[in-house]
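These notes are about the structure you will find just below.
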Amino acid sequence: MSAPQFIQHLTYAGERWDLLAWQYYGDPANYSIIVMANPGVPIEPVFEAGIALAIPIIQQQSVLATDLPPWKTATTV
């Protein structure tokens, strides 16, 4: 098992945890992944400028056609 990989992000004034999750993961609800990767950063509603954060690179699971309901699969008639 390899060590987790991170992207370093330098905050600007007004950024928020959920906005970073949206920016990097496409889902604002995934902010806890970023929070857990940065235990030394206080949980505040908004960031000040210049805080270095580690953003974990997560593997997105691909959806297989077999996992989709019939009306969502691409078929040609």
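The values are calculated or read from the model by the stated rules, or taken from the named source; none is laboratory data. Since the model is a prediction, treat every value here as computed from it, not as a measurement. In this analysis, Cβ positions are derived from the backbone assuming ideal geometry, glycine residues included, and neighbour counts consider all displayed protein chains. Surface accessibility is based on the protein's heavy atoms, side chains included, excluding ligands, DNA and RNA. Shrake-Rupley method; radii C 1.70, N 1.55, O 1.52, S 1.80 Å.
Given the criterion modelled with pLDDT under 95, outside any strand (DSSP E or B), open to solvent by less than 80 Å² (accessible area, probe 1.4 Å) and among the aliphatic types (A, V, I, L, M), identify the matching residue among ILE58, ILE34.
ILE58 is the lone residue from the list that is modelled with pLDDT under 95, outside any strand (DSSP E or B), open to solvent by less than 80 Å² (accessible area, probe 1.4 Å) and among the aliphatic types (A, V, I, L, M).
Pull out all pairs, ordered by first then second residue, where Cβ-Cβ is under 8 Å, the residues are six or more apart or on different chains, the first lies in the stretch 37-52 and is at pLDDT below 95, and the second is open to solvent by less than 100 Å² (accessible area, probe 1.4 Å) and assigned to a loop (DSSP other than H, G, I, E, B).
Close Cβ pairs (under 8 Å, with a partner that is open to solvent by less than 100 Å² (accessible area, probe 1.4 Å) and assigned to a loop (DSSP other than H, G, I, E, B)) amount to PRO45/ARG16.
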